[in-house]
Amino acid sequence: MNEIERLSIDSDLLLTFVHIAECGNLTVAAGKLARTQSAISVQLRKLEDGLGVKLFTRTAKGMVLTPSGQTLLSKAKPILNEIRETAQLFRKPLTGSIRVGLPDDFDNELLEQILIEFSRAHPEVQVLAQSGCTANYKAAIQSDELDIAVCSGIDDPGADVLNSEEIVWATGENFVWNKPENTVPIAVLDRTCHWRDLPVKLLDGIGRPYRMAFQSASFQSLKSALRSGIAIGLLHKSSVGHGFQILAEKDGLPAPPRTFRYIVRSGRAPTDLVAAMESAIRNAPLP
């Protein structure tokens with residue numbers, strides 16, 4: 001048997017490896033791949049045994065790439081892209097239209113990447129996309145207004161989980177606590193979803209006084225208000241970039257729960273189009 005025949009590596013193992021690397025968490029990666037955690041652990045072990053290297057270090061915060069893992073990641077992504085493009089060569093092009101609902105808590109670059117990847121792979125499909133509050137997406141699926149949607153919430157949705165992300169208290173880097181026990185100025189989303197109610201519930205839970213300092217139906221406006229330092233509010237940790245600071249329990253604030261995103265599909269929509277859009281969503285580098 002020659003060296004090539006002995007290699008224990010295939011595209012499925014590489015795909016699992018890339019998802020684990022991007023998620024940094026076996027449970028989240030398993031959800032994105034619609035597999036069990038034990039199944040992807042077996043795949044990872046098979047890949048490491050086949051290559052003869054250790055790809056991850058397990059830490060309290062999750063899965064961290066080793067130097068060998070970082071090297072493989074730089075090679076694996078182009079390989080998987082080539083495989084996807086090759087797989088499309090002899091397939092009958094998809095046609096028609098698909099209606100998709102995406103959360104506006106996705107960063108703009110992520111939204112663009114999902115839509116660009118889908119459009120490149122399926123140029124003859126018309127995409128009717130909307131980005132906004134996900135609270136009504138399930139009803140829109142049921143009433144045949146959407147074909148597929150990404151919803152979000154703070155309850156674990158089970159098998160269809162797309163990803164899970166940490167929520168943090170955030171404000172502008174210029175915000176200063178004069179007296180941490182004072183009334184908390186909060187910024188909230190002014191719409192019917194968990195993002196509106198969660199800050200209030202958390203502060204009520206510890207008896208911490210607060211006042212409404214800013215309300216908006218837009219995530220982007222909420223982020224701008226928080227960055228300005230006029231209030232404190234909740235954001236995904238991945239959204240907290242330059243100009244922000246993160247506050248925690250040491251600042252007299254309760255620990256927020258994690259948030260989950262999950263996929264909802266219509267049983268009346270064309271299955272091939274829904275599957276293609278779901279693939280584009282799951283292949284996106286979510287936090």
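The values are calculated or read from the model by the stated rules, or taken from the named source; none is laboratory data. Note that this is a predicted model, so its numbers are computed, not measured. Here the Cβ is made from the backbone with ideal geometry for all residues, glycine too, and neighbour counts use every protein chain on show. Heavy atoms of the whole protein, side chains included, go into the accessibility calculation; ligands, DNA and RNA do not. Shrake-Rupley method; radii C 1.70, N 1.55, O 1.52, S 1.80 Å.
Within segment 33-41, not a single residue is touching an Asp or Glu at 6+ places or on another chain (Cβ under 6 Å) and either under 30 Å from residue 144 (Cβ atoms) or among the charged types (D, E, K, R) (or both).
Of all residues in segment 49-75, those that are open to solvent by 70 Å² or more (accessible area, probe 1.4 Å) and free of Cβ contacts under 8 Å to residues at least 24 places away in the same chain total 8.
Taken over segment 223-236, the residue count meeting the criterion of being part of a loop (DSSP other than H, G, I, E, B) and buried (at least 18 other Cβ atoms within 10 Å of the Cβ) is 1. Of all residues in segment 264-283, those that are closer than 19 Å to residue 157 by Cβ have Cβ atoms under 7 Å from Cβ atoms of residues that are assigned to a helix (DSSP H, G or I) and not basic (Lys, Arg), 6 or more apart or on another chain, in 264/137; 264/141; 265/274; 266/141; 277/118; 281/114. Among the residues of segment 184-222 satisfying the criterion of being assigned to a loop (DSSP other than H, G, I, E, B) and open to solvent by 70 Å² or more (accessible area, probe 1.4 Å), which is nearest to residue 139 (Cα to Cα)? So, considering only residues that are assigned to a loop (DSSP other than H, G, I, E, B) and open to solvent by 70 Å² or more (accessible area, probe 1.4 Å), the one nearest to residue 139 (Cα to Cα) is 192. Could you go through segment 157-166 and let me know if any residue there is touching a helix residue (DSSP H, G or I) at 6+ places or on another chain (Cβ under 7 Å), assigned to a strand (DSSP E or B), over 21 Å from residue 257 (Cα atoms) and of a type outside the set (A, V, I, L, M, F, W, C). No, every residue in segment 157-166 fails to be touching a helix residue (DSSP H, G or I) at 6+ places or on another chain (Cβ under 7 Å), assigned to a strand (DSSP E or B), over 21 Å from residue 257 (Cα atoms) and of a type outside the set (A, V, I, L, M, F, W, C).
For segment 101-111, give me the residue count where each residue is open to solvent by less than 40 Å² (accessible area, probe 1.4 Å) and free of Cβ contacts under 8 Å to residues at least 12 places away in the same chain.
0
Determine, yes or no, whether residue 126 is closer than 22 Å to residue 261 by Cβ, of a type outside the set (D, E, K, R), loosely packed, with under 15 Cβ neighbours inside 10 Å and at pLDDT 85 or above. No, not satisfied.
The residues in segment 137-173 that are modelled with pLDDT of 90 or more and of a type in the set (S, T, N, Q) can be counted, and the count is 3.
Considered as a group, the residues in segment 140-155 that are in contact with a strand residue (DSSP E or B) (Cβ under 6 Å, 6 or more places away or on another chain) and assigned to a loop (DSSP other than H, G, I, E, B) include one that is nearest to residue 195 (Cα to Cα), and that residue is 154. When the residues of segment 241-263 are filtered to those that are open to solvent by less than 30 Å² (accessible area, probe 1.4 Å) and hydrophobic (A, V, I, L, M, F, W, C), the one that is nearest to residue 106 (Cα to Cα) is 263.
The residue list 76, 29 contains one member that is small (Gly, Ala, Ser) and in contact with a Ser or Thr (Cβ under 8 Å, 6 or more places away or on another chain), which is 29.
Residue-by-condition table, conditions (1) closer than 30 Å to residue 271 by Cα; (2) in contact with a helix residue (DSSP H, G or I) (Cβ under 8 Å, 6 or more places away or on another chain):
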position: 147; (1), (2): yes, yes
position: 183; (1), (2): no, no
position: 189; (1), (2): no, yes
position: 193; (1), (2): yes, yes
position: 214; (1), (2): no, yes
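Close Cβ contacts (under 8 Å, 6 or more residues apart or on different chains) running from residues in segment 76-100 that are at pLDDT below 85 to residues that are among the acidic types (Asp, Glu) and in a loop (DSSP other than H, G, I, E, B) comprise 93/124.
The residue that is modelled with the highest pLDDT, among those in segment 3-20 that are open to solvent by less than 80 Å² (accessible area, probe 1.4 Å) and not in a helix (DSSP H, G or I), is 10.
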